[in-house]
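So the structure is just underneath, and the comments pick up after that.
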Amino acid sequence: MQANKDSDGGWRTFVWNSEKKEFLGRTGSSWLKIFLFYVIFYGCLAGIFIGTIQALLLTLSNYKPTYQDRVAPPGLSHTPRSEKSEIAFSLSDASSYKKYTDAMTKFLKKYDDDKQTDQMKFEDCGGKCQLMPERFLKCRDTNCAVCCSLAHVVTLLRMSLSLCFQPPMNNSVEEFLLPKLKPNLIPIFCKNKREEDADKIGEIKFFGLGEGFPLQYYPYYGKLLHPQYLQPLVAIQFNNLTLNEELRIECKVFGENIGYSEKDRYQGRFDVKFNIAS
Amino acid sequence: MGYGRSDSYRVATTQDKDDRSPKKKKGAKDMDDLKKEVPITEHKMSIEEVCRKYQTDIVQGLTNAKAAEYLIRDGPNALTPPPTTPEWVKFCRQLFGGFSVLLWTGAILCFLAYAIQAATEDDPSRSARSHMFDRLSLCLQLYLGIVLTAVVVITGCFSYFQEAKSSKIMESFKNMVPQQALVIREGEKVQINAEEVVGGDLVEVKGGDRIPADIRVVSAHGCKVDNSSLTGESEPQSRSPDCTHDNPLETRNIAFFSTNCVEGTARGIVICTGDNTVMGRIATLTSGLETGKTPIAKEIEHFIHIITGVAVFLGLTFFILAIVLGYSWLEAVIFLIGIIVANVPEGLLATVTVCLTLTAKRMAKKNCLVKNLEAVETLGSTSTICSDKTGTLTQNRMTVAHMWFDNQIHEADTTEDQSGASFDKSSITWISLARVAALCNRAQFKAGQDQLPILKRDVAGDASESALLKCIELSCGSVRAMRDRNKKVAEIPFNSTNKYQLSVHETEDLNDNRYLLVMKGAPERVLECCSTILVQGKEQPLDEELKEAFQNAYMELGGLGERVLGFCHVLLPEDQYPKGFAFDTDDVNFQTKDLCFVGLMSMIDPPRAAVPDAVGKCRSAGIKVIMVTGDHPITAKAIAKGVGIISEGNETVEDIAARLNIPVSQVNPRDAKACVCHGTDLKDLSQDQMDDILRNHTEIVFARTSPQQKLIIVEGCQRLGAIVAVTGDGVNDSPALKKADIGVAMGISGSDVSKQAADMILLDDNFASIVTGVEEGRLIFDNLKKSIAYTLTSNIPEITPFLLFIIVNIPLPLGTITILCIDLGTDMVPAISLAYEAAESDIMKRQPRNPFRDKLVNERLISIAYGQIVTAGFALGGFFAYFVILAENGFLPTTLVGIRLNWDDRSCNDLEDTYGQQWTYEQRKIVEFTCHTAFFVSIVVVQWADVIICKTRRNSVFQQGMRNKILIFGLFEETALAAFLSYCPGMDVALRMYPLKPSWWFCAFPYSFLIFVYDEVRKLLIRRNPGGWVERETYY
């Protein structure tokens, strides 16, 4: 008990010792000195750190990162994004798919027609880039909800960019793709992931510049050299998804230097779960 | 409380005064219990009364029925062993004591965070930001919690087994042979187990026996007992049926349980058995004492306070910050927990335990067995050593120290190995003296020891005679042969009335038919019997001048605290005592007057050879050595002077009085640095006076002290803030041993009770080993500081990444797994290697640390560890590597700020970097984990410099050198481990660590160099400017 009292008293004097004019065991000048010390100390450190960071920046190229081994092979992503690789909404509840349509609208802003008017900047495509399926564009113009309510679920695909990615010239693709193969296109293909879902998917429509990514968009030379670069998109539309059921769809791009990984589910392919309630 | 009814374990000095001492208040219940016991009064009763009291018979003894009845009533005659702590309690103490608490708290917090997250996992209303939880992911929290638990449990087991090993050695000390006792029951002598002896039993003891219980002697024949285990004095005391003193401990007619009967026989009635015996009470008192925490335990507690303070402060700061930044309450709580847990130095507990264990092992090699790991350090903090005299400071055997013959004092060699100076042995007087000493002596070597050095041989006989025997054997050859040549024809043994012993022998010279009468005894009595004195081999009349010379020599030797014996002889005239004369020793029919005085021999229990040096070292190390002994003040003082406890030139009050020729009362006690305090004076002292003595005298000797007073002395020292070490071997020392901060028992001569009470055991009984212990203890304290400084420095860099993660929203630079790899992987060996670091300065030349001021971990260490080195090296070095890797992969620092939400969003698989490349989640995570690996490697690189920095606190590393091989090994080990973790295939899956490009190893090099230079400059300033601002603010 006594010890307790002592320590309480000790605590109070520790915070403010009026006798020695000490705050937390230090006098004003002592606090000032230590404060100054740390200010100078940390000042110097910050200087040195910034210096080394500057030195680092000097070693970097403006056009190309030092290493690109981690960013290749390219990934395949889709908009709207899934949450835990699932896209789920109810057709009868507009609020349930609002976030998807919003995301889509926002994403497509930069592909607006009026932004593509400057011919000079889009010479790469050889005129106006017909990236968007007309029907889809119409849909967006009017009300996407309509499309969705028609169970015409639309997903936009794009292949992720890495600098100077040389598109595959010799497509070594699976047999069944050969008839669909077109020159100058990196082929893309979507199918049901599980066998039993085969007849539940219905028709899958591809919009854009064919069922794949046009080769003329590659390689990409980075933000600095390609400031107005617009990534090619492929829209896929599921016209007849079975409702009220969980469906897993896998999309894949094919190409020689496109790889897949067990761990990375968005590398050259992705799969997404649709769960659309009526 | 009547005189002599006092608690018998307190010697004559015990009076009511003692009852008011503070000890009594504390242990009031304990003491009261002891007081309720019937005090011994039997010594004052007549034998008949005693018989009546125990309903026994002086001839027949108890009846078997009665004995059985008493046995049931009183229980067996054995000491109740001190309540042993059950093994699981000991284990739990290791598991939950001290430092472990911190880790447990950490683990519990982890599990708590896990629970919170698990509970919210299914919450559908989670905001998009709940991706945060991916980061502080569920598994990691659980993982960390489990690792923390594992660390505590493993370290707990480790120290438990370490101590169990010590206690096993303890077990081996226990004398397992059951004691036997010879009792007379129903008129018949029966040999029974000593445990079955009951009060009232008539027991018989003979030389060599251990006394089975406290007995009232009813008859004795030349019985002598060795009370050394009780009083610490090894001088045998005779036992007789007469009551010679009011105090039961001093009276002759009581022999005590567990003391030894040295010679003769005695018969007595058992008056106390088991715990009621004097010995039993001391043991009970000892086990009833509570001991405080060890200094290192206090230091660790203090450290935990600081760490907890820092952790909670940081945690709360960032909790508030998180709230301000708009995180949800739940997230903020998770942050709070995360930061607190990150502050827990996971590896430190293991490091401290291993450091202590290593030192304990090192000490065991130097013959200090440490029972309690934490006691390793206690010796280092010791500021006062209360040492018992007999057996610790001295050799515990009487040795002839001086001789006086030819009117001159000769010094004998008292060293243990006979390396000292010798004296002139050519004098005829010396030959005569040696002959008298050899013949008038009943001691003899026990058989079968011929190959042993003389001094090591066992002797049957009392201490003084053994001393003489060994002395003569050493200087004149076989005593046995001499005795054979001079056959003994008659002998009068020593008794207290005559105070001399004489024997008559045939002479060596076969042609000489005279008898040789030799006598030894108290010098004044022997001198009375003499009329002549032998000088240079010639008999001279004993005139006044020679008598005066004798008196002076006697006084001088007595003043040295030595026991002086006089020797004389005479060749009996053949005409009066022809060959075959019947010498009658009962009715003396021969000449015992007009003998020829030969010389004096004086004996002392000499100090051990290494002790004066050790005491000197203690003194230069600022440790006060106090002698506490049961022996007489004069002897105590002489030994104290001999070993340097009272240093040359320092005087006691009495000395000053004698020198100035003034009464003692006129001397200012302040003038005397030394002080010899008698037990009887001690009992009259108030607490203040006691403190006064302890404070004002640097050199103190307490003589004639009781076990109780030893305890009071220890408590007095502790009251003055000293950390007290007590050394002792007897049961009488054990209460003090227990109470002391560190009790040091003697491994060879020590009693079981004292070993039980002690924290440390000197296996070679050598006081000098204590000095080694002090040195090791001080070293480990310094090295623990370094070790902690080293471990703590890697602590902050583990938090800063997390803080920046929260504040600037950058991808996490350092993950939980990498933190654990540092704390429990790469940091361990270098931290432990610091325990092997050699002392920086002469640690035995500085004052003992002040437990109130010199802390293990102080704010300066924290400020160095957290504020300076860390920020300079670790954090910046790590962050630099982090930024390098991200920038070289395409994420420049400017892009990184605020990127975290998208970065940690699993569904975002097209995150753009500075160059416009798009990253899938997994791709950028690999980069992030590569950053973690690089951060980790950078920490290892900076730890190279750090461990070299922590090697010294004041010296430059260039002065200290790199001789610590373990440390060099540690450097290589941590580097190899880091490389292994980074490059070993499969690590990406197991620990999410990725191979680094060689250039990334060098990112932290400039910072490593920077902190090294910074710290060298800091130490240079400390050395150049002792007491300056730098030292005041940064010397830990």
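The values are calculated or read from the model by the stated rules, or taken from the named source; none is laboratory data. Model, not experiment: these values are computed from the prediction. Positions of Cβ are backbone-derived with ideal geometry, glycine not excepted, and every protein chain shown enters the neighbour counts.
Being in a helix (DSSP H, G or I) and either out of contact with any helix residue (DSSP H, G or I) (no Cβ under 9 Å at 6 or more places or on another chain) or away from chain B (no Cβ under 11 Å) (or both) is the requirement here; does A:Asp69 meet it?
Details: in a helix (DSSP H, G or I): no; either out of contact with any helix residue (DSSP H, G or I) (no Cβ under 9 Å at 6 or more places or on another chain) or away from chain B (no Cβ under 11 Å) (or both): yes.
No.
Do the conditions hold for B:Ile939, that is, is it in contact (Cβ under 8 Å) with a residue 60 or more places away in the chain and within 26 Å of A:Ser261 (Cβ to Cβ)? It would help to see each step written out before you state the result.
Working: in contact (Cβ under 8 Å) with a residue 60 or more places away in the chain: yes; within 26 Å of A:Ser261 (Cβ to Cβ): no.
Considered against the rule, which asks whether it is in contact (Cβ under 8 Å) with a residue 60 or more places away in the chain and within 26 Å of A:Ser261 (Cβ to Cβ), B:Ile939 comes out as no.
Could we say that B:Pro1026 is of a type outside the set (D, E, K, R) and buried (at least 16 other Cβ atoms within 10 Å of the Cβ) here?
When the stated conditions are applied, B:Pro1026 does not pass them.
Return yes or no: is B:Ser238 under 25 Å from B:Ser749 (Cβ atoms), polar (S, T, N, Q) and touching a strand residue (DSSP E or B) at 6+ places or on another chain (Cβ under 6 Å)?
Values: under 25 Å from B:Ser749 (Cβ atoms): yes; polar (S, T, N, Q): yes; touching a strand residue (DSSP E or B) at 6+ places or on another chain (Cβ under 6 Å): yes.
Considered against the rule, which asks whether it is under 25 Å from B:Ser749 (Cβ atoms), polar (S, T, N, Q) and touching a strand residue (DSSP E or B) at 6+ places or on another chain (Cβ under 6 Å), B:Ser238 comes out as yes.
Take the range B:536-571 and flag every residue that is part of a strand (DSSP E or B) and surrounded by fewer than 19 Cβ atoms within 10 Å (Cβ to Cβ).
Of the range B:536-571, the ones part of a strand (DSSP E or B) are B:538-541, B:563-571.
Listed by number, the residues that qualify are B:Lys538, B:Glu539, B:Gln540, B:Pro541, B:Leu571.
When residues of the range A:90-111 are filtered for being within 21 Å of A:Phe270 (Cα to Cα), within 14 Å of chain B (Cβ to nearest Cβ) and in contact with a strand residue (DSSP E or B) (Cβ under 8 Å, 6 or more places away or on another chain), how many remain?
Residues in the range A:90-111 being within 21 Å of A:Phe270 (Cα to Cα), within 14 Å of chain B (Cβ to nearest Cβ) and in contact with a strand residue (DSSP E or B) (Cβ under 8 Å, 6 or more places away or on another chain): 3 in total.
Return the residue satisfying two criteria in turn: it lies in the range B:867-885 and is touching a Leu at 6+ places or on another chain (Cβ under 7 Å) and in contact (Cβ under 8 Å) with a residue 60 or more places away in the chain, and of such residues it is farthest from the other protein chains (Cβ to nearest Cβ). Give the steps one after another, and end with the answer.
Just the residues of the range B:867-885 that are touching a Leu at 6+ places or on another chain (Cβ under 7 Å), to begin with: B:871-873, B:876, B:878, B:883-884.
Narrowing further to those that are in contact (Cβ under 8 Å) with a residue 60 or more places away in the chain: B:871-873, B:876, B:878, B:884.
On the way: B:Thr871: 6, B:Ala872: 6, B:Gly873: 10, B:Leu876: 5, B:Gly878: 11, B:Val884: 6 Å.
Ranking the candidates gives B:Gly878 first.
Those residues that are buried (at least 17 other Cβ atoms within 10 Å of the Cβ), small (Gly, Ala, Ser) and either at the interface with chain A (Cβ under 10 Å from one of its Cβ atoms) or part of a helix (DSSP H, G or I) (or both), I need them from the range B:983-1008; list them, please.
B:Ser1008 - this is the single residue of the range B:983-1008 that is buried (at least 17 other Cβ atoms within 10 Å of the Cβ), small (Gly, Ala, Ser) and either at the interface with chain A (Cβ under 10 Å from one of its Cβ atoms) or part of a helix (DSSP H, G or I) (or both).
Would you mind finding the one in B:Arg924, B:Arg900, B:Arg906 that is of a type in the set (Lys, Arg) and more than 14 Å from chain A (Cβ to nearest Cβ)?
It is B:Arg900.
Test B:Ala412 against the stated conditions and say whether it is buried (at least 19 other Cβ atoms within 10 Å of the Cβ), in contact (Cβ under 8 Å) with a residue 12 or more places away in the chain and over 21 Å from B:Arg480 (Cα atoms). Break it down into steps so the answer makes sense when it comes.
On the way: buried (at least 19 other Cβ atoms within 10 Å of the Cβ): yes; in contact (Cβ under 8 Å) with a residue 12 or more places away in the chain: yes; over 21 Å from B:Arg480 (Cα atoms): yes.
Spelling it out, B:Ala412 is indeed buried (at least 19 other Cβ atoms within 10 Å of the Cβ), in contact (Cβ under 8 Å) with a residue 12 or more places away in the chain and over 21 Å from B:Arg480 (Cα atoms).
Within the range B:488-534, track down each residue that is among the polar types (S, T, N, Q), in contact with a helix residue (DSSP H, G or I) (Cβ under 8 Å, 6 or more places away or on another chain) and part of a loop (DSSP other than H, G, I, E, B). Working first, answer last.
Taking the range B:488-534 and keeping what is among the polar types (S, T, N, Q), we get B:495-498, B:501, B:503, B:507, B:511, B:513, B:531-532.
Filter once more, keeping what is in contact with a helix residue (DSSP H, G or I) (Cβ under 8 Å, 6 or more places away or on another chain): B:498, B:503.
Matches in the range B:488-534: B:Asn498 only.
Would you call B:Phe802 touching a strand residue (DSSP E or B) at 6+ places or on another chain (Cβ under 8 Å), at pLDDT below 85 and farther than 14 Å from B:Ala364 by Cα?
Values: touching a strand residue (DSSP E or B) at 6+ places or on another chain (Cβ under 8 Å): no; at pLDDT below 85: yes; farther than 14 Å from B:Ala364 by Cα: yes.
Answer is no for this residue.
Evaluate the following for B:Trp944: is it within 30 Å of B:Pro1026 (Cβ to Cβ), more than 9 Å from chain A (Cβ to nearest Cβ), surrounded by fewer than 24 Cβ atoms within 10 Å (Cβ to Cβ) and of a type in the set (Phe, Trp, Tyr)? Give the steps one after another, and end with the answer.
Numbers: within 30 Å of B:Pro1026 (Cβ to Cβ): yes; more than 9 Å from chain A (Cβ to nearest Cβ): yes; surrounded by fewer than 24 Cβ atoms within 10 Å (Cβ to Cβ): yes; of a type in the set (Phe, Trp, Tyr): yes.
It is true that B:Trp944 is within 30 Å of B:Pro1026 (Cβ to Cβ), more than 9 Å from chain A (Cβ to nearest Cβ), surrounded by fewer than 24 Cβ atoms within 10 Å (Cβ to Cβ) and of a type in the set (Phe, Trp, Tyr).
Farther than 27 Å from B:Phe335 by Cα and either in a helix (DSSP H, G or I) or without any contact (Cβ under 8 Å) to a residue 40 or more places away in the chain (or both), is that true of B:Leu824?
Working: farther than 27 Å from B:Phe335 by Cα: no; either in a helix (DSSP H, G or I) or without any contact (Cβ under 8 Å) to a residue 40 or more places away in the chain (or both): yes.
When the stated conditions are applied, B:Leu824 does not pass them.
Considering the range B:367-377 alone, what residues qualify as being buried (at least 24 other Cβ atoms within 10 Å of the Cβ) and assigned to a strand (DSSP E or B)?
Matches in the range B:367-377: B:Cys368, B:Val370.
Which condition from (1) modelled with pLDDT under 80; (2) under 30 Å from B:Ile304 (Cβ atoms); (3) exposed (fewer than 15 other Cβ atoms within 10 Å of the Cβ); (4) not polar (S, T, N, Q) is the one that B:Phe99 breaks?
Only one criterion in (1) modelled with pLDDT under 80; (2) under 30 Å from B:Ile304 (Cβ atoms); (3) exposed (fewer than 15 other Cβ atoms within 10 Å of the Cβ); (4) not polar (S, T, N, Q) is unmet by B:Phe99, namely (3).
Can you tell me which residue among B:Ile939, B:Ile968, B:Ile948, B:Ile1011 is part of a helix (DSSP H, G or I), touching a Pro at 6+ places or on another chain (Cβ under 9 Å) and of a type in the set (Val, Ile, Thr)? Reasoning before the result, please.
Values: B:Ile968 fails: touching a Pro at 6+ places or on another chain (Cβ under 9 Å); B:Ile948 fails: touching a Pro at 6+ places or on another chain (Cβ under 9 Å); B:Ile1011 fails: touching a Pro at 6+ places or on another chain (Cβ under 9 Å).
Just one listed residue meets the conditions, B:Ile939.
Conditions (1) within 30 Å of B:Ile646 (Cβ to Cβ); (2) surrounded by 21 or more Cβ atoms within 10 Å (Cβ to Cβ), marked per residue:
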residue: B:His305; (1), (2): no, no
residue: B:Ala322; (1), (2): no, yes
residue: B:Leu330; (1), (2): no, no
residue: B:Ile334; (1), (2): no, yes
residue: B:Lys365; (1), (2): no, no
residue: B:Leu379; (1), (2): yes, yes
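Kindly indicate whether B:Phe980 is among the hydrophobic types (A, V, I, L, M, F, W, C), surrounded by fewer than 18 Cβ atoms within 10 Å (Cβ to Cβ), assigned to a helix (DSSP H, G or I) and without any contact (Cβ under 8 Å) to a residue 40 or more places away in the chain. I'd like the intermediate steps shown before the answer.
Details: among the hydrophobic types (A, V, I, L, M, F, W, C): yes; surrounded by fewer than 18 Cβ atoms within 10 Å (Cβ to Cβ): yes; assigned to a helix (DSSP H, G or I): yes; without any contact (Cβ under 8 Å) to a residue 40 or more places away in the chain: yes.
Judged against the criteria, B:Phe980 is a match.
Considering only the range B:248-351, give the helices (runs of 4 or more DSSP H) lying wholly within it that have at least 2 residues that are out of contact with any His (no Cβ under 6 Å at 6 or more places or on another chain), over 28 Å from B:Gly222 (Cα atoms) and among the polar types (S, T, N, Q).
Working: elements: B:278-288, B:295-324, B:329-343.
Qualifying helices (runs of 4 or more DSSP H): B:278-288, B:295-324.
Filter the range A:215-228 for residues that are part of a loop (DSSP other than H, G, I, E, B), surrounded by 14 or more Cβ atoms within 10 Å (Cβ to Cβ) and touching a residue at least 24 places away in the same chain (Cβ under 8 Å) and give the result. Can you show your working first?
Of all residues in the range A:215-228, those part of a loop (DSSP other than H, G, I, E, B) come to A:218-221, A:226-228.
With the extra rule that they be surrounded by 14 or more Cβ atoms within 10 Å (Cβ to Cβ), the set shrinks to A:218-221, A:226.
Once the filter is applied, which keeps residues that are part of a loop (DSSP other than H, G, I, E, B), surrounded by 14 or more Cβ atoms within 10 Å (Cβ to Cβ) and touching a residue at least 24 places away in the same chain (Cβ under 8 Å), the range A:215-228 yields A:Tyr218, A:Pro219, A:Tyr220, A:Tyr221.
Please indicate, with yes or no, whether at least one residue in the range B:886-895 is in a helix (DSSP H, G or I), more than 12 Å from every other protein chain (Cβ to nearest Cβ) and in contact with a Ser or Thr (Cβ under 6 Å, 6 or more places away or on another chain). Step through it out loud before you land on a result.
Narrowing the range B:886-895 to residues in a helix (DSSP H, G or I): B:886-888, B:893-895.
Imposing the further condition that a residue be more than 12 Å from every other protein chain (Cβ to nearest Cβ) reduces the set to none.
Within the range B:886-895, not a single residue is in a helix (DSSP H, G or I), more than 12 Å from every other protein chain (Cβ to nearest Cβ) and in contact with a Ser or Thr (Cβ under 6 Å, 6 or more places away or on another chain).
Under the condition of being under 24 Å from B:Lys710 (Cα atoms) and assigned to a helix (DSSP H, G or I), which residue from the range B:671-686 is modelled with the lowest pLDDT?
The initial filter retains those residues of the range B:671-686 that are under 24 Å from B:Lys710 (Cα atoms), namely B:672-686.
Next cut, assigned to a helix (DSSP H, G or I) only: B:679-682.
Details: B:Gly679: 80, B:Thr680: 77, B:Asp681: 81, B:Leu682: 80.
Across the range B:671-686, the extreme among qualifying residues is B:Thr680.
State all residues of the range B:727-774 that are surrounded by 24 or more Cβ atoms within 10 Å (Cβ to Cβ), of a type in the set (Ser, Thr, Tyr) and either touching a His at 6+ places or on another chain (Cβ under 6 Å) or not in a helix (DSSP H, G or I) (or both); if no residue qualifies, say none.
Those that are surrounded by 24 or more Cβ atoms within 10 Å (Cβ to Cβ), of a type in the set (Ser, Thr, Tyr) and either touching a His at 6+ places or on another chain (Cβ under 6 Å) or not in a helix (DSSP H, G or I) (or both): B:Thr727, B:Ser751.
Are any residues in the range A:230-262 closer than 26 Å to A:Tyr220 by Cα, within 13 Å of another protein chain (Cβ to nearest Cβ) and surrounded by fewer than 17 Cβ atoms within 10 Å (Cβ to Cβ), and if so, which ones?
A:Gly259, A:Tyr260, A:Ser261
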